[in-house]
1. Confirm whether Gly99 is under 23 Å from Ala167 (Cβ atoms), in contact with a Lys or Arg (Cβ under 8 Å, 6 or more places away or on another chain), surrounded by fewer than 17 Cβ atoms within 10 Å (Cβ to Cβ) and among the small types (Gly, Ala, Ser).
2. Which pairs have Cβ atoms under 8 Å, sit 6 or more apart or on different chains, and link a residue in the range 86-103 that is farther than 18 Å from Gly68 by Cβ to one that is β-branched (Val, Ile, Thr)?
3. Write out, first by first residue and then by second, each pair whose Cβ atoms fall under 8 Å of each other, whose residues are 6+ apart or on separate chains, and whose first residue, in the range 110-136, is at negative phi while the second is among the aromatic types (Phe, Trp, Tyr) and open to solvent by 20 Å² or more (accessible area, probe 1.4 Å).
4. Go through the range 35-49 residue by residue and tally those that are at pLDDT 95 or above, open to solvent by less than 90 Å² (accessible area, probe 1.4 Å) and either out of contact with any Phe, Trp or Tyr (no Cβ under 8 Å at 6 or more places or on another chain) or within 18 Å of Ser143 (Cβ to Cβ) (or both).
5. Restricting the first residue to the range 1-22 and requiring it to be assigned to a helix (DSSP H, G or I), which pairs with a second residue that is open to solvent by 80 Å² or more (accessible area, probe 1.4 Å) meet a Cβ separation below 9 Å and a spacing of at least six or different chains?
6. Determine which member of the set Lys206, Lys241, Lys211 is farther than 21 Å from Met67 by Cβ and either in contact with a His (Cβ under 9 Å, 6 or more places away or on another chain) or open to solvent by 40 Å² or more (accessible area, probe 1.4 Å) (or both).
7. Whether any residue in the range 221-228 is open to solvent by 20 Å² or more (accessible area, probe 1.4 Å) and not in a helix (DSSP H, G or I) is what I want to check.
Amino acid sequence: SLAKFDKIIVFSEPQKNVLEKLGVPKEKQIIIPNGVDENIWKPLCERNKKYDQVKNKLGDERIFLYMGRIANEKNVEALLRSWRHTRNNNCKLVIVGDGPMKPTLENSFSNLGRDKLIWWGAELDLETRVAIMQIADVFFLPSLVEGLSLSLLEAMSTGTACVATDAGADGEVLDNGAGIVISTDNVAAQLKTIIPILIEHPSFTKDLGEKARVRIIERYTITKNINSLEKVYMDLKDNFKN
């Protein structure tokens with residue numbers, strides 16, 4: 001049915017290739033990735049009231065973060081299983097979000113105290129979410145299924161080091177050093193290896209965060225996204241006129 005449309009917008013080259021194999025002509029497909037506002041999601045320039053409020057709530061430990069929907073396809077359980085075997089080393093995992101798997105996971109990992117794991121819950125306030133991202137050292141996205149995660153782009157734009165699976169277009173976003181890409185196969189085992197490295201080498205996480213921010217500015221700003229979308233529709237409009 002997609003092949004019947006004049007243009008199909010996809011996130012990445014791999015997605016384009018998949019649709020082409022399914023019968024959608026490549027000339028009908030246009031790659032336009034999601035974008036974020038880099039002026040909102042940005043590294044901390046100076047502390048503010050909201051930042052201080054969030055910092056006081058989280059404490060002085062280094063923060064490792066998941067922010068998003070808590071559902072089966074997000075594979076948060078793999079992250080929690082890996083974190084359970086991680087030495088504390090003055091670090092906390094913070095889970096921000098809600099979803100059908102949250103009660104089950106909270107119960108299954110109730111042995112992890114607040115010194116090691118914080119269930120933040122759903123957060124609707126934009127400034128608070130930005131502050132949490134700014135405080136976090138590392139953002140995890142262990143998803144089994146994705147398109148192109150806005151949470152991942154927001155974390156990158158904030159200058160947070162990112163670890164994500166190669167689901168959807170997420171691997172392409174982080175390729176060539178903008179983050180750490182892992183396979184969707186046996187996520188927990190991979191994270192058990194990666195997490196201690198990130199904990200023991202904060203300078204490495206800082207470097208990853210800086211590269212992530214550069215990648216966003218180069219490719220994934222909301223301005224680039226809107227300009228590309230406008231061009232698609234203007235071109236279609238001109239074609240219909242002709």
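1. Spelling it out, Gly99 is indeed under 23 Å from Ala167 (Cβ atoms), in contact with a Lys or Arg (Cβ under 8 Å, 6 or more places away or on another chain), surrounded by fewer than 17 Cβ atoms within 10 Å (Cβ to Cβ) and among the small types (Gly, Ala, Ser).
2. The qualifying pairs are Thr86/Ile195; Thr86/Ile199; Arg87/Ile199; Asn89/Ile199; Cys91/Ile63; Cys91/Ile199.
3. As it stands, the answer is Ala131/Tyr51; Ile132/Trp120; Gln134/Tyr51; Ile135/Tyr51, since those pairs meet every condition given.
4. 7
5. Listed by first residue and then by second, the contacts come to Leu2/Leu22; Ala3/Leu22; Lys16/Lys26; Asn17/Lys26; Leu19/Lys26; Glu20/Lys26.
6. None of the others qualify; the one that does is Lys241.
7. Within the range 221-228 (the criterion being open to solvent by 20 Å² or more (accessible area, probe 1.4 Å) and not in a helix (DSSP H, G or I)), the answer is no, since none of the residues qualifies.
Quick grid of which residues meet (1) under 23 Å from Asn225 (Cα atoms); (2) of a type in the set (Lys, Arg); (3) touching a helix residue (DSSP H, G or I) at 6+ places or on another chain (Cβ under 6 Å); (4) surrounded by 22 or more Cβ atoms within 10 Å (Cβ to Cβ):
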| position | (1), (2), (3), (4) |
| --- | --- |
| Asp137 | no, no, yes, no |
| Ser143 | no, no, yes, yes |
| Leu148 | yes, no, no, no |
| Thr158 | yes, no, yes, yes |
| Val173 | yes, no, no, yes |
| Ala178 | yes, no, yes, yes |
| Asp185 | no, no, no, no |
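The values are calculated or read from the model by the stated rules, or taken from the named source; none is laboratory data. Keep in mind the model is a prediction, meaning the values are calculated, not measured. Cβ sites come from the backbone with ideal geometry, for glycine too, and all protein chains shown count toward neighbours. The area values use the complete protein model at the heavy-atom level, side chains included, leaving out ligands, DNA and RNA. Shrake-Rupley method; radii C 1.70, N 1.55, O 1.52, S 1.80 Å.
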